[in-house]
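A.B. asks: Here it is, the structure in full.
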Amino acid sequence: MVKTKLKKGDRVVIIAGKDKGKEGNITFINRKDGRVVVEGCNKVTKHQKANAGNQGGLIEREAPVHISNVMYVHNGKPARLGVQINDGKKVRVAIVNKERFVID
């Protein structure tokens, strides 16, 4: 199990690999393997066998990326994530150049 502050729907940027610099939203998080699926990034082709419901052939889909290779995007800049207590509630904060911005 990998502990992360990222959530489904967060805007992230890929910081390593063949899609370095691409941005997209998280569509799925696999905490067991420590991987995320980012919309529009890390596309792979899959050979799909035909069945009664649909036609076969080559289909393109997003493959998972390791969670350490993505960073949260805050106002167009990559940011680290942290937590802070405001009025007795724990909230997520984006940390950009040692400045903290409340996200949720």
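Values in this text are rule-based calculations from the coordinates and carry no lab data. Here the structure is a predicted model, which is why all the values come from computation and not from measurement. Glycine also receives a Cβ, built like all others from the backbone with ideal geometry; neighbour counts cover every protein chain displayed.
A.B. asks: Taking 28 Å as the cut-off for C-alpha to C-alpha distance, list the pairs among K43/K90; K7/K49; K20/K49; K43/K77; K8/K77 that go past it.
C.D. replies: Beyond 28 Å between Cα atoms: K43/K90; K7/K49; K20/K49.
A.B. asks: Place a +1 charge on the Cβ of each Lys and Arg in the chain and a -1 charge on the Cβ of each Asp and Glu, then give the dipole magnitude about the Cα centre in debye, rounded to the nearest 20. Walk me through the numbers before you get to the answer.
C.D. replies: Numbers: 22 positive and 10 negative charges, 63 e Å.
It works out to roughly 300 debye.
A.B. asks: Which stretch or stretches of segment 49-79 have amide N atoms under 19 Å from the point lying 7 Å from K3's Cα along the Cα→Cβ direction?
C.D. replies: 67-69, 72
A.B. asks: While we're looking at this one, here's another question. If you filter segment 12-80 for trypsin sites (Lys or Arg not before Pro), then keep DSSP loop positions with at most 11 other Cβ within 10 Å, what is left?
C.D. replies: Values: sites: K18, K20, K22, R31, K32, R35, K43, K46, K49, R61, R80; in loops: K18, K20, K22, R31, K32, K49.
Passing sites in segment 12-80 are K18, K20, K32, K49.
A.B. asks: Let me ask something else. Filter the GluC sites (Glu not before Pro) in segment 59-104 to those in DSSP coil with at most 16 other Cβ atoms within 10 Å of their Cβ, and list the result.
C.D. replies: On the way: sites: E60, E62, E99; in loops: none.
Passing both the DSSP loop test and the Cβ count: no residue.
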